[in-house]
Amino acid sequence: MLNNTAIQGNAFYSLDFDKIRYVNNGIFCVNDEGYIVEVYEEKDKDYDLIRLKYLKNGKLRILSDSEVMLPGFVDLHIHASQWPQAGTALDKPLETWLGEYTFPLESKYKDLEFANDVYRDIISSTLRHGTTTALYFATVDTEPSILLARLCGELGQRGLVGKVVMDEAKANPEYCRDSSPEEAINETEKFINEVLKIKGLYKQKVYPVVTPRFIPSCTSEVLEGLGMLAKKYDVHIQTHCSESDWAHKFVKEKYGLNDAQALDKFGLITSKTVIAHAPFLEADDLELIAEKKTTIAHSPLSNAYFANSVLPLKDFASKGVNIGMATDISGGYSPSMYQAIRQAVISSRMLQDGVNPSLQSDVRGRKDSSITLNNAFYSATVAAGIALDLPIGKLEKGYSFDVQIIDINNNIPRFYKEKNTEDLLHKILLLSESSNIKEVRVQGNRVK
Ligand code: GUN
Ligand code: FE
């Protein structure tokens with residue numbers, strides 16, 4: 001079978017939490033719909049034949065030795081609307097940052113021209129950083145939230161977008177909230193229907209997401225209504241959960257439950273739910289989300305600031321919880337998933353136990369905490385595909401051809417050939433700048 005195009009070159013992708021697969025000089029055949037239909041390796045008997053067929057038709061793109069393909073990254077939690085304040089006020093506590101900085105900014109998106117400028121910029125920026133799929137929070141206002149979804153479609157990113165629901169008068173200022181639970185539910189339903197109609201300019205899709213901001217922002221009436229809407233339309237759900245001591249305590253006082261259990265009471269913990277942050281989940285919460293196949297979006301930069309905490313990723317993963325990776329713009333300051341991957345590894349190493357040498361016997365940290373780059377790479381790719389139930393994150397037959405092509409001769413010292421290919425992947429993950437990313441493709445279409 002001869003398909004639309006093929007790319008011949010070297011590639012890395014994650015097989016599971018620990019293992020990496022390196023494909024040496026593979027031929028990745030992509031069909032008209034942008035899916036990988038076959039991957040041929042040099043050892044395969046049809047390799048030369050297939051190569052010749054594509055060459056004859058002028059459909060074979062051959063990468064050079066200094067180019068390597070990685071799957072596109074999936075940012076599993078990002079506030080597109082907070083992009084203008086990235087890098088601002090992160091020394092404030094979450095509740096002050098929300099009231100003084102974030103809500104005033106988010107209320108500006110009623111101005112659709114402003115929304116258009118910011119949203120184009122954040123989509124382009126994340127694409128340039130190799131993010132081919134993003135799970136976005138927009139704002140409380142419906143029209144600009146629909147615009148964000150349209151722009152993802154137009155600019156070629158696979159976007160999952162939520163109109164933010166925040167109807168609790170005690171927690172949200174009048175200028176930035178839903179006027180009632182009924183209005184919030186009606187607007188969310190309108191948003192879902194509008195987004196379902198959007199066709200990506202390329203072949204990638206955009207998806208509506210039910211998005212209660214977090215429990216303190218929402219009335220119980222609205223949470224109940226949103227649980228029913230998510231079920232009716234079988235759509236994804238995203239929210240913040242167990243993020244800070246303050247939010248955690250608030251939920252406990254209101255519902256006598258931890259955040260995850262309270263969300264579950266309203267039908268908001270499902271296999272299509274992504275909960276952002278979650279460093280303060282407790283044992284029974286973990287059991288619940290593992291059983292429901294709910295995913296955590298890990299934003300290590302944001303956790304360092306707002307939670308003063310490190311997500312015990314390895315411990316949670318060992319209990320069967322799926323964990324993706326995220327920037328959390330602007331709780332995290334960088335739009336780059338490379339930064340998220342690096343910080344996830346660094347933070348986890350700081351959580352690792354050991355004997356404090358200056359105190360001799362005093363043991364710090366917790367056992368078996370440090371994660372590897374392989375683990376973080378898995379979270380940024382394969383775990384996200386599992387979370388979103390989409391064929392993304394691997395470079396295998398049946399997967400969408402979402403790739404970043406990395407130029408390894410730029411910014412990365414290469415005075416000798418690395419001992420093994422995994423060493424090369426680790427150098428790419430730790431040293432690449434956005435200028436290393438030469439080309440980005442979403443569902444086969446070139447977007448950078
Ligand atoms: N909790 C509620 N809203 C937000 C938000 O916008 N960012 C973060 N990091 N946490 C939140
Ligand atoms: Fe967030």
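Before moving on, here are some points about what is shown:
- Helix-only [θ]222 nm of the chain, DSSP H runs n ≥ 4, -39500 (n - 2.57) each, per residue, nearest 500: -10000 deg cm²/dmol
- Inter-probe distance in nm under a simple model that places probes 7 Å from Cα toward Cβ, at Ala89 and Leu257: 3.2
- To put it simply, the accessible area of the chain at a 1.4 Å probe is 49 percent carbon and sulfur.
- Between helix 112-128 and the chain: long-axis angle, C-alpha atoms, 0 to 90°, nearest 10: 40
- For q = 0.07, 0.13 Å⁻¹, Debye-computed log10 I/I(0) when each Cα of the chain counts as one equal scatterer: -0.34, -1.13
- What the Kirkwood sum gives for the stretch 256-342 is a hydrodynamic radius of 13.2 Å, with every pair of different alpha carbons counted.
- Listed residue pairs exceeding 30 Å between alpha carbons, taken from Lys205/Lys314; Lys272/Lys394; Lys170/Lys367: Lys205/Lys314; Lys170/Lys367
- The chain: relative contact order as a whole-number percent, Cα under 8 Å and 6+ apart: 19
- Gain in span if fully extended, Tyr233 to Glu433, counting 0.36 nm per residue against the direct Cα distance: 68.0 nm
- Counting 0.36 nm for each residue step from Leu49 to Asp121 and taking away their Cα separation leaves a gain of 21.6 nm.
- Between Arg61 and Glu221, the distance separating the two model label sites (each 7 Å from Cα on the Cα→Cβ line) works out to 5.3 nm.
- Relative contact order of the stretch 206-266, defined on C-alpha pairs under 8 angstrom at six or more residues apart (%): 37
- DSSP beta bridge pairing in the chain, given as percent antiparallel to the nearest 5: 45
- Asn411 versus Phe114: modelled label distance in nm, points set 7 Å from Cα along the beta carbon direction: 3.2
- Excluding ligands, DNA and RNA, the accessible surface per residue across the chain is 41 Å² with a 1.4 Å probe.
- Distances between every pair of Cα atoms in the stretch 41-153, grouped in 10 Å steps from 0 to the bin holding the largest one, split as 11, 31, 22, 14, 12, 8, 1 percent.
- A full extension of the chain between Lys249 and Leu196 corresponds to an added length of 15.4 nm, given 0.36 nm per residue minus the alpha carbon distance.
The values are calculated or read from the model by the stated rules, or taken from the named source; none is laboratory data. Note that the structure is predicted; figures quoted are calculated from it, not measured. FYI the Cβ positions are ideal-geometry reconstructions off the backbone, even for glycines, and counts take in every protein chain you see. With ligands, DNA and RNA removed, areas are computed over all heavy atoms of the protein, side chains included. Shrake-Rupley method; radii C 1.70, N 1.55, O 1.52, S 1.80 Å.
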